[in-house]
Amino acid sequence: FDVLHLGHIKYLEAAKALGDYLVVIVTTDNNVERLKGKKPVYSQEDRTEIVGALKCVDEAVVGFEDNFYRTVATHKPDILALGYDMRESEQEIEKKISGLGVKCAVVRLPPFRPEQHKSSKIKDRIKK
């Protein structure tokens, strides 16, 4: 959620529609850099505050540095809504969180006009 855009909003609204209470896990700065090869524009604290201010979000938290699944286990959701760009399969994730004692449905949500609403494309347009 580094450069918040309409694709993020639609994803979060769809995730909220799956349940009663939406907790959003924001990736740590170090993990963003490790996964994407560059530092985020906004700090993890700023991204958490920005996402948490959205009306569809009930709670925003920074994920654990060492293990995303520990963060999921801490909140014990009924449903885990994945973005379309999450690398692991739903089955892999179900297995990992099950090993931490969490039983929940894992749902991958579709992208919203990714040709237009994708952070890297927006950043590229800004640079031009």
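The values are calculated or read from the model by the stated rules, or taken from the named source; none is laboratory data. Quick caveat, the model's predicted, so the values are computed rather than measured. Cβ coordinates were reconstructed from backbone atoms using ideal geometry, including for glycine residues, and neighbour counts include every protein chain displayed. Only protein heavy atoms, including side chains, enter the accessible area calculation; ligands, DNA and RNA are left aside. Shrake-Rupley method; radii C 1.70, N 1.55, O 1.52, S 1.80 Å.
Applying the condition of being assigned to a loop (DSSP other than H, G, I, E, B) and among the β-branched types (Val, Ile, Thr) to segment 1-31 and asking which residue is least open to solvent (accessible area, probe 1.4 Å) yields Thr28. Checked against (1) over 16 Å from Arg108 (Cα atoms); (2) among the basic types (Lys, Arg); (3) open to solvent by less than 60 Å² (accessible area, probe 1.4 Å), Arg34 passes all but a single condition, namely (3).
Could you grab me the full set of residues in segment 85-115 that are farther than 17 Å from Lys16 by Cβ, in contact with a Leu (Cβ under 9 Å, 6 or more places away or on another chain) and touching a residue at least 12 places away in the same chain (Cβ under 8 Å)? Residues satisfying the conditions are Glu90, Ile93, Glu94, Ile97, Val102, Arg113. A single entry from Arg125, Arg113, Arg108 fulfils the requirement of being among the charged types (D, E, K, R), under 27 Å from Tyr42 (Cα atoms) and either under 16 Å from the mean Cα position of the chain (by Cα) or at pLDDT 75 or above (or both): Arg108.
Looking at Pro40, is it in contact with a Cys (Cβ under 7 Å, 6 or more places away or on another chain), part of a loop (DSSP other than H, G, I, E, B) and either open to solvent by 40 Å² or more (accessible area, probe 1.4 Å) or at negative phi (or both)? Show your work before the answer.
On the way: in contact with a Cys (Cβ under 7 Å, 6 or more places away or on another chain): no; part of a loop (DSSP other than H, G, I, E, B): yes; either open to solvent by 40 Å² or more (accessible area, probe 1.4 Å) or at negative phi (or both): yes.
No; evaluated as a whole, the condition is false for this residue.
Annotation for segment 43-66: at least one member residue is open to solvent by 30 Å² or more (accessible area, probe 1.4 Å), at pLDDT 95 or above, under 22 Å from Ile126 (Cα atoms) and part of a loop (DSSP other than H, G, I, E, B).
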